[in-house]
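The values are calculated or read from the model by the stated rules, or taken from the named source; none is laboratory data. For clarity, every value in this text was computed on a predicted model and none was experimentally measured. Cβ placement follows ideal geometry from the backbone for every residue including glycine, while neighbour counts extend to all protein chains displayed. The accessibility values were calculated without ligands, DNA or RNA, using every heavy atom of the protein model including side chains. Shrake-Rupley method; radii C 1.70, N 1.55, O 1.52, S 1.80 Å.
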Amino acid sequence: MNYDNLIFYNGFGGFDSRTGEYIIDGSKRTPLAWSNVVTSPTGYPFGFIITERGGGYVWKYNSRENRLTKWHGSCAFDVPNEWIGLTVNDGTKSIQQQLICENDEVRFGFGYSIFHRKIKEMDVSTKVTVYVAENDPVKLTLVEIIPNSADVCVTIKYHADICEDTDTFVSNAFDCENIRIKQGQIFRNVYMLGQETLDKQGNIIDKYSDVSFCVDCLEKVSENWKKLTGTIQVQSEDRELDCLMNGWLLYQTISCRLYARSSMYQSGGAYGYRDQLQDTIAVNYVAPDISRKRILDHCAHQYLNGNVQHWWHPAYRDVDEFGIQSKYSDDMLWLVFCTYKYVICTGDVSILHRQVSYIDSDGMTESLFEHCMRSIDYANKLGSDGLPLMRGGDWNDGMNKIGNDGKGQSVWLGWFLRCCLDAICKLSELADAKNPDYVLKRKEWQQQAANLVDNINNNAWDGKWYIRAITDEGDKVGSRLSDECKIDSVSQSWSVLSFESTEHLQSVDDRSCVAIENAVKYLFDEDAGLVRLLWPPFSQESIDKIGYIAAYPPGLRENGAYTHAAVWLARSLMNIHGKESLGYKMLKAVNPINHTATRGECALYRVEPYVIAADIYSHGRNAGKGGWTWYTGSASWYFVTVLESLFGFVRKGSWIEIDSKYHRQVIITYRYRSTVYKFRITPYGKGSFQLTDDGNLHEIAVK
């Protein structure tokens with residue numbers, strides 16, 4: 001293949017403009033293992049991770065608790081668990097090759113990966129495609145052999161190092177020993193790695209021993225993933241942005257975050273309360289049924305006192321569900337925030353009345369809205385300065401020592417709680433506007449929201465920005481007088497984002513403008529493409545006072561340039577008149593394609609160009625290196641921030657409201673049920689448009 005024809009080819013790989021696949025030159029060694037997270041578009045609980053050299057692992061039900069093959073957890077030492085050995089004999093000589101781990105070209109697509117290799121000595125082409133069945137617990141490896149010049153005999157051997165389990169099986173469509181293939185003929189065989197009870201294994205093996213059926217299955221998997229990730233397509237003058245927006249961000253969010261809950265860097269398996277809920281904000285636009293189910297599932301993992309489980313592993317086989325009660329102060333509020341986002345986007349008010357039980361309610365149920373009320377009550381516990389209690393940490397888990405004694409307070413949480421108070425007021429109107437109890441509660445919530453703003457301004461303003469927190473001992477974190485963490489991003493960004501919850505922001509408080517300006521000044525390094533979470537980083541001396549965030553070396557993970565917070569800061573800039581271009585620059589700064597334009601840049605950044613990284617190292621000799629990839633909630637936030645804040649494209653039920661902050665034309669194609677809308681948005685275009693499902697194509701100019 002002529003790799004120069006790829007979009008953004010960097011010496012290792014690039015995007016195929018026709019298929020959206022990321023194509024890797026197999027003759028080159030990528031700086032670290034680059035991977036694909038493969039699951040079913042239906043969400044069936046089975047999947048695998050595979051790298052460009054065949055590393056990775058397979059799971060069923062739970063990617064941590066029930067692995068079919070071993071997870072090695074290293075991108076530096078890429079160890080495969082499966083091997084395909086090929087022997088080719090043309091009558092005069094015999095050649096042995098390893099497929100997948102030795103390849104000429106790799107294609108990572110949505111729901112599959114393809115490995116090409118040509119055996120030049122025999123002029124034989126090989127192709128191996130790996131994917132999962134849509135609704136059966138089996139990984140399928142489709143091997144294709146094409147002799148181009150002469151008849152050959154081939155032998156294929158497949159081997160998998162499986163974790164010992166009587167329900168795990170390995171099979172194939174038929175034995176492949178000395179099979180003669182004529183010149184030009186395509187020979188196919190399928191190899192299966194799955195898990196099912198002994199009494200059901202035979203049915204699965206018989207079903208997928210039909211090679212033609214497996215080929216059809218691959219087409220169906222690919223088509224359904226394309227339909228899901230292609231619901232929204234953008235065409236702007238920023239092609240780097242388009243490549244992420246047109247499939248990869250949604251695939252990262254749905255396949256990795258919602259379905260797999262695993263990556264090469266972290267094999268979690270559990271449902272994280274705040275994590276999974278935040279992932280729904282992007283999915284609302286393309287698969288609201290997935291969002292609805294996630295919200296209700298999380299609702300069922302709440303306690304009567306309003307607290308929730310921080311994470312849980314679902315039941316599987318003969319293992320009961322298990323999880324831990326949250327020690328964090330923000331988890332339960334994401335139920336309110338993300339329910340609000342879902343209802344406003346989809347118009348599905350009925351979800352508010354859906355009856356759901358509690359973990360400890362002995363079957364007693366309440367509506368989702370009542371669950372949200374309990375979330376507010378639990379979170380709305382204030383400290384001596386009128387700010388919410390930090391408890392065992394807030395959104396930044398690593399700040400887990402600030403409020404250990406029950407006195408520490410979180411400024412970020414004050415802004416987020418204010419936002420959620422706004423949201424629940426609106427939800428109460430939608431749930432039952434005239435309910436006298438709700439009318440009284442709305443007045444109470446509105447007063448509490450106003451009080452929070454006063455308390456933050458009176459007790460957390462540091463002269464040029466808002467502090468991050470107050471410790472149990474009364475010390476300020478994120479103050480200009482601090483030696484470490486003089487400024488933290490999220491207290492500044494959410495001083496703006498807090499007011500996004502119910503209406504588009506019309507104006508920003510002067511203090512917030514000053515705070516955001518200083519956040520940009522101290523945290524944004526445009527030349528290096530870095531947006532720090534805080535500065536200066538914590539040292540290990542702060543572990544006992546601040547938390548495990550200080551155990552990270554300076555510049556790494558939350559102690560460095562954390563993408564989640566970078567996107568929030570970019571989004572806040574989009575809400576300030578005259579600062580929109582800065583927000584756009586930040587989005588460009590964390591776009592992985594902009595860190596991997598050349599072989600030299602790839603050697604520094606090292607990780608995949610096609611998915612968002614959770615962080616970028618921002619200090620010392622590792623500055624500029626990408627952190628862990630795939631398994632990060634920043635993918636969802638990046639998608640909605642580009643769509644809603646940059647391009648100004650917001651769905652509200654059956655209406656699309658557009659208020660573009662983009663300085664160039666952008667075309668957004670949106671599939672609404674069976675109808676396609678094509679919005680051609682001029683620079684800074686505005687308008688409101690009602691959606692109808694009539695099955696036609698609607699082309700709309702937005703000026």
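For the subset of the stretch 190-228 comprising residues that are small (G, A, S) and closer than 20 Å to V38 by Cα, which member is surrounded by the fewest Cβ atoms within 10 Å (Cβ to Cβ)?
Ranking the candidates gives S222 first.
Test E608 against the criterion of being in a helix (DSSP H, G or I), among the charged types (D, E, K, R), under 19 Å from L241 (Cβ atoms) and modelled with pLDDT of 95 or more, and give yes or no.
no
Since G91 meets every condition but one in (1) within 33 Å of the chain's Cα centre (by Cα); (2) surrounded by fewer than 20 Cβ atoms within 10 Å (Cβ to Cβ), which condition does it not meet?
Of everything listed in (1) within 33 Å of the chain's Cα centre (by Cα); (2) surrounded by fewer than 20 Cβ atoms within 10 Å (Cβ to Cβ), G91 misses just condition (1).
Tell me, please, whether a residue that is polar (S, T, N, Q), surrounded by fewer than 22 Cβ atoms within 10 Å (Cβ to Cβ) and more than 30 Å from the chain's Cα centre (by Cα) can be found in the stretch 127-145.
no
Can you tell me which residue within the stretch 348-394, out of those that are in a strand (DSSP E or B) and β-branched (V, I, T), is nearest to the chain's Cα centre (by Cα)?
V356
State all residues of the stretch 590-602 that are over 13 Å from V642 (Cα atoms) and either open to solvent by less than 30 Å² (accessible area, probe 1.4 Å) or at pLDDT below 95 (or both); if no residue qualifies, say none. So that I can check it myself, show each step before the final result.
Residues of the stretch 590-602 over 13 Å from V642 (Cα atoms): 592-602.
Within the stretch 590-602, P592, I593, H595, T596, C602 meet the criteria.
Are any of the residues in the stretch 501-509 over 27 Å from the mean Cα position of the chain (by Cα), part of a helix (DSSP H, G or I) and of a type outside the set (D, E)?
Scanning the stretch 501-509, I find no residue that is over 27 Å from the mean Cα position of the chain (by Cα), part of a helix (DSSP H, G or I) and of a type outside the set (D, E), so the answer is no.
Report, by residue number, each residue of the stretch 540-587 that is open to solvent by 30 Å² or more (accessible area, probe 1.4 Å), touching an Asp or Glu at 6+ places or on another chain (Cβ under 6 Å) and not in a helix (DSSP H, G or I).
Y562
Could you please give the count of residues in the stretch 160-195 that are within 21 Å of K70 (Cα to Cα), of a type outside the set (S, T, N, Q) and in contact with a strand residue (DSSP E or B) (Cβ under 8 Å, 6 or more places away or on another chain)?
12
Please go through (1) open to solvent by 10 Å² or more (accessible area, probe 1.4 Å); (2) within 20 Å of A614 (Cα to Cα) for Y303 and return the number of the only condition it doesn't satisfy.
(2)
Kindly provide the set of residues from the stretch 307-320 that are among the charged types (D, E, K, R) and exposed (fewer than 13 other Cβ atoms within 10 Å of the Cβ), ordered by number.
First, the residues of the stretch 307-320 that are among the charged types (D, E, K, R): 317-318, 320.
Within the stretch 307-320, D318, D320 meet the criteria.
Here is a list: L382, L430, L389, L421. Which entry is farther than 18 Å from F499 by Cα, out of contact with any strand residue (DSSP E or B) (no Cβ under 9 Å at 6 or more places or on another chain) and not hydroxyl-bearing (S, T, Y)? Even if it seems obvious, please write down each step before you answer.
On the way: L382 fails: out of contact with any strand residue (DSSP E or B) (no Cβ under 9 Å at 6 or more places or on another chain); L389 fails: out of contact with any strand residue (DSSP E or B) (no Cβ under 9 Å at 6 or more places or on another chain); L421 fails: farther than 18 Å from F499 by Cα.
None of the other options fit; the residue is L430.
From the residues in the stretch 187-211 that are assigned to a strand (DSSP E or B) and polar (S, T, N, Q), which one is farthest from P45 (Cα to Cα)?
N189
Starting from the stretch 134-160, keep only residues that are of a type in the set (G, A, S), then list their pairs with residues that are open to solvent by less than 10 Å² (accessible area, probe 1.4 Å) whose Cβ atoms are within a distance under 6 Å, requiring at least 6 positions of separation or different chains.
Listed pairs, sorted by first residue: A160/L193.
Quick one: in the stretch 656-675, which of the residues that are open to solvent by less than 50 Å² (accessible area, probe 1.4 Å) and more than 29 Å from L573 (Cα to Cα) is nearest to the chain's Cα centre (by Cα)?
Here the answer is Y672.
Would you check which residues across the stretch 25-62 are open to solvent by less than 10 Å² (accessible area, probe 1.4 Å), among the hydroxyl-bearing types (S, T, Y) and out of contact with any Pro (no Cβ under 9 Å at 6 or more places or on another chain) and list them?
S35, S40, Y57
Filter the stretch 430-472 down to residues that are free of Cβ contacts under 8 Å to residues at least 12 places away in the same chain and in a loop (DSSP other than H, G, I, E, B), then give me how many there are.
The number of residues fulfilling the criteria is 3.
Please state which of the following conditions G363 fails to meet, knowing it meets all the rest: (1) open to solvent by 10 Å² or more (accessible area, probe 1.4 Å); (2) at pLDDT 95 or above; (3) not β-branched (V, I, T).
Exception for G363: condition (2).
Checking L249 against (1) buried (at least 23 other Cβ atoms within 10 Å of the Cβ); (2) at pLDDT below 95, which single condition isn't satisfied?
Evaluating L249 over (1) buried (at least 23 other Cβ atoms within 10 Å of the Cβ); (2) at pLDDT below 95 leaves (2) as the failure.
Please list, ordered by residue number, the strands (runs of 3 or more DSSP E) wholly in the stretch 90-175 having 3 or more residues that are closer than 28 Å to K226 by Cα. Spell out how you get there, then give the answer.
Values: elements: 94-99, 105-109, 112-119, 124-132, 138-147, 152-160, 168-172.
By residue number, 105-109, 112-119, 124-132, 138-147.
Could you check the stretch 389-421 and list, in sequence order, the residues that are aliphatic (A, V, I, L, M), closer than 14 Å to E558 by Cβ and either touching a Cys at 6+ places or on another chain (Cβ under 9 Å) or open to solvent by 30 Å² or more (accessible area, probe 1.4 Å) (or both)?
Residues satisfying the conditions do not exist here.
Which ones in the stretch 680-703 are open to solvent by less than 40 Å² (accessible area, probe 1.4 Å), in contact with a Phe, Trp or Tyr (Cβ under 8 Å, 6 or more places away or on another chain) and either β-branched (V, I, T) or on the phi > 0 side of the Ramachandran plot (or both)?
Passing the criteria: I681, I700, V702.
Within the stretch 63-71, does at least one residue satisfy the condition of being crowded, with 17+ Cβ neighbours inside 10 Å and under 21 Å from I612 (Cβ atoms)?
Looking for residues that are crowded, with 17+ Cβ neighbours inside 10 Å and under 21 Å from I612 (Cβ atoms), one finds at least one in the stretch 63-71, hence yes.
How many residues are closer than 20 Å to G323 by Cβ and assigned to a loop (DSSP other than H, G, I, E, B) if we restrict to the stretch 336-347?
0
Among (1) surrounded by fewer than 14 Cβ atoms within 10 Å (Cβ to Cβ); (2) more than 12 Å from S329 (Cα to Cα); (3) not basic (K, R), which single condition is C425 missing?
It fails just one condition, (1).
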